[in-house]
There are 2 protein chains.
Amino acid sequence: MAHIGTNENAQAASPSLPKPDVLSPDCPSRAILQHVTSRWGTLVLIVLDAKVLRFSDLKRRIGGVSDRMLAQTLQVLEADGLILRHAFDVVPPHVEYRLTPLGAEVSNRVLSLASLIEANLPQFLSQRPKRPAAAQTVR
Amino acid sequence: MAHIGTNENAQAASPSLPKPDVLSPDCPSRAILQHVTSRWGTLVLIVLDAKVLRFSDLKRRIGGVSDRMLAQTLQVLEADGLILRHAFDVVPPHVEYRLTPLGAEVSNRVLSLASLIEANLPQFLSQRPKRPAAAQTVR
DNA sequence: TGATGTACTTCCCTTTTTGTACGTACTTCC
DNA sequence: GGAAGTACGTACAAAAAGGGAAGTACATCA
């Protein structure tokens, strides 16, 4: 399908543009991908799908986020041009968040991924207790 | 499209199955999503797309992974039933990794997300220097 | 009058993640 | 004969991520 794994981690001399490749550590596309797939970034994009929400709305919908993390995530996503922030200059603060066109496309992909996982959860869980899954960094 | 944000963070009393929702912090689906969207998990799934690769192949293709992280990521993904590990009992170790059918589906979604980002990289980068993007955790 | 809600920011501290280096057991290549 | 390659496990330590509490400025509600 796509042609992602084409240039093997190469960042070789290129006259104009290096051709984006998430597989090479220094390609900016990898950073964007990280933002989108970050712990809270993913959920923000999902929740914001085709909606306009305020900070507190987002917080209520995304179970477990802290103020600090939500704010930070929103800033990163805004800087990447995925979401738009609209602040009204009123006394009790009122800020609205929505997806940009590009953000909407990204959101769709993320949403389809999440839906796939939710739909197959039973299958995932069924094969869980195969091996103890190598306790990571035992404490 | 999908029906994800349906039950608002609810984990209320349900007779049988709680209905998967990545938005509720304790739903197992969120954990799976995290594995899939983890820093290296995403790249492993992309690289493994319709291929059979050995540990060292994976390491070479995924720029920047350390042995430890790659091994750990592979174990988690295997435990989730997304990839299959086949070890040959030979003297210089020989192990092959490939996607399970479910893993292949997940891989496709991830791949489409990554492709979208790569394809729009210029657009992402163009609007970058808007605001200093709020230096996170200033040191 | 006092509590509540809004949208964050900042500080401080704990938890988690990640990297580096080393060891293994044996074979093949130079 | 020594170097390199294979597929990890483990210990140690640095770096990053994350949580919690407090503060702001004012208006509305009871």
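The values are calculated or read from the model by the stated rules, or taken from the named source; none is laboratory data. Bear in mind that the values here come from a model prediction, so they are computed numbers and not experimental data. Every residue, glycine as well, gets a Cβ built from its backbone with ideal geometry; the counts of neighbours run over all protein chains shown. When the accessible area is computed, the model is the full protein with side chains, heavy atoms only, and any ligands, DNA or RNA have been set aside. Shrake-Rupley method; radii C 1.70, N 1.55, O 1.52, S 1.80 Å.
Couple of notes before you dig in:
- A Förster distance of 22 Å, applied to the separation of the beta-carbon atoms of residue A:60 and residue A:104, puts the FRET efficiency at 0.50.
- Accessible surface ranking that places the most exposed of B:55, B:124 first, with a 1.4 angstrom probe: B:55, B:124
- Inter-part distance where the stretch A:58-97 and the stretch B:46-87 are each reduced to a Cα centre, Å: 35 Å
- Sites residue A:87 and residue B:126, calculated FRET efficiency, Cβ-Cβ separation with R0 25 Å, nearest 0.05: 0.60
- Amide H within-cut-off set for residue A:21, under 5 Å, with H built and near neighbours excluded: A:29
- In order through the stretch A:107-123: 3J(HN,Hα) via Karplus (6.51 cos²θ - 1.76 cosθ + 1.60), integer Hz, x for Gly, Pro: 4, 4, 5, 5, 4, 5, 5, 4, 5, 4, 5, 4, 5, 9, 3, x, 5
- Spin-label zone in the stretch A:20-61 - amide nitrogen under 16 Å from a point set 7 Å from the Cα of residue A:94 along the C-beta vector: A:52-57
- Counting, for every residue in A:96-109, the Cβ atoms of other protein chains within 10 Å of its Cβ and taking the mean gives 2.
- Reachable aspartates and glutamates, given that their alpha-carbon falls under 20 Å from the alpha-carbon of residue A:59 and they are not under 8 places away in the same chain: A:49, A:67, A:78, A:96, B:8, B:21, B:26
- Peptide A:37-49 has a mean of 4 when you count, residue by residue, the C-beta atoms of other protein chains within 10 Å of its C-beta.
- Cα gyration tensor shape for the stretch B:44-85, rounded if a/c is under 1.5, else prolate or oblate: oblate
- Between amide H atoms placed 1.01 Å from N, distances below 5 Å from residue A:99 occur with A:50, A:51, A:84, all of them 5 or more places distant or on a separate chain.
- Only Cα pairs under 8 Å and 6+ residues apart enter the sum, and on that basis the relative contact order of the stretch B:16-139 stands at 22 percent.
- J(HN,Hα) series, the stretch A:70-87, from Karplus relation 6.51 cos²θ - 1.76 cosθ + 1.60, nearest Hz, glycine and proline x: 5, 4, 5, 4, 4, 5, 5, 5, 5, 4, 7, x, 9, 10, 10, 10, 10, 9
- Working note: Karplus 6.51/-1.76/1.60 with θ = phi - 60° gives the stretch A:97-102 the couplings 10, 8, 7, 7, x, 5 Hz, where Gly and Pro are set to x.
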